[in-house]
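K.L.:
Handing you this structure, nothing more for now.
The values are calculated or read from the model by the stated rules, or taken from the named source; none is laboratory data. Only a predicted model underlies this, so the values are computations on that prediction, with no experimental measurement involved. Don't worry about glycine lacking a Cβ; one is built from the backbone with ideal geometry, like all the others, and counts go over all protein chains shown.
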Amino acid sequence: MSRVMAMSRVRAQDTDAPGHDSFLDIVANMVGILIILVMVAGVRVKNAPVAAIVAATERERLELETEQAAARSVRGDVLRMAEEIETLKRETSLRRRQRDALAGISLALEEQVRTRREQMDAETRQRFDLARSLDESRAELESLSRRRRQAESVPVAPIRIESYPTPLSKPVDGREAHFLLQAGRIAVIPLDDLISRLKDDAQRQAYKLQDLPELTHTVGPVRGFRLRYTLARRDISPEVAMATGRSGSYAELTRWTLIPVSGRMGEPVETAWSEGSEFRQALAPLDPARSTVTFWTYPDSFDLFRRLKKELFNAGYAVAARPLPHGVPISGSPHGSKSAAE
């Protein structure tokens, strides 16, 4: 029986031996492959192109030199600015010392004059004061004379004053065309059209005054202008009701204001007289003998108003001016004044 067991172990060992050898062969093959790969990589690195390495090194060297040059330039600018600051500090200190020295000298002279004046008697002091005042007056006279000679030496262009046969103005009662002069431009103001729209709109809005003391509404735009108006409720007093037999309340227009829709209205004045311009089209239906041209003018366009006034006067139109301060809109009320034309 022992012999049988021994034989069984010998057979088992013989059966496992081929598998063990195969595993060793596989390991040996893998090690060989790794060695071959390492050798191939080494050969590739050894045979790598030297030019690429040299080019990369040269590029890095150029970039480094560029950065160093920029750093040197910045450092130079900083040093120059530091030198300029030090120079300004020295000049400022010098000017301050000079100013202090001049102030000290001035105070010393004033103190000396005051001391000498106090040492004088009353009569001598009075003569001293008169002499000092006379010297100051002479110096001032000399300065004025010098300025006068300078003014006389400069040629002065003659001032031409134009007069018109009708220098006296009169209130406008006929047809009136309105224009805006601002920033070298002229714009047609459709005031009649806007007032007509105001009347129609006020009739539609008046019922609201039954509950409100006043209301504000806007009509337009027409040719670049809106018109904002305010209606107020007015109650008939008992005295008027007793005298007229009418009672209740009514709507009254208190004020209207023009609101431009843009900051640059109209057209340049230089093209106002050209054919087809808005200005010429607005003047075309007007009868010069029965119409007045009114300019609402801001301070920056007073010269333009004078030029247009001359041209329109030669064409037979009466011209009225409505000066406006900067930033003040065109406005009016039933109790306002009429335009005065020349």
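K.L.:
Given S145, S153, S163, which one is at pLDDT 85 or above, among the hydroxyl-bearing types (S, T, Y) and under 45 Å from the mean Cα position of the chain (by Cα)?
P.N.:
Values: S153 fails: at pLDDT 85 or above; S163 fails: at pLDDT 85 or above.
Selected residue: S145, the only one of S145, S153, S163 that is at pLDDT 85 or above, among the hydroxyl-bearing types (S, T, Y) and under 45 Å from the mean Cα position of the chain (by Cα).
K.L.:
Looking at A321, A315 in this structure, which one is in the same structural domain as Q203 (by TED's automatic domain parsing), free of Cβ contacts under 8 Å to residues at least 40 places away in the same chain and crowded, with 17+ Cβ neighbours inside 10 Å? Outline the logic, then answer.
P.N.:
Values: A315 fails: crowded, with 17+ Cβ neighbours inside 10 Å.
Among A321, A315, only A321 is in the same structural domain as Q203 (by TED's automatic domain parsing), free of Cβ contacts under 8 Å to residues at least 40 places away in the same chain and crowded, with 17+ Cβ neighbours inside 10 Å.
K.L.:
Right, here's the next one. Report yes if A177 is farther than 16 Å from S333 by Cα, part of a helix (DSSP H, G or I) and among the small types (G, A, S), otherwise no.
P.N.:
Details: farther than 16 Å from S333 by Cα: yes; part of a helix (DSSP H, G or I): no; among the small types (G, A, S): yes.
It is false that A177 is farther than 16 Å from S333 by Cα, part of a helix (DSSP H, G or I) and among the small types (G, A, S).
K.L.:
Evaluate the following for W273: is it surrounded by fewer than 20 Cβ atoms within 10 Å (Cβ to Cβ) and of a type in the set (F, W, Y)? Break it down stepwise before answering.
P.N.:
Values: surrounded by fewer than 20 Cβ atoms within 10 Å (Cβ to Cβ): yes; of a type in the set (F, W, Y): yes.
So W273 passes the test.
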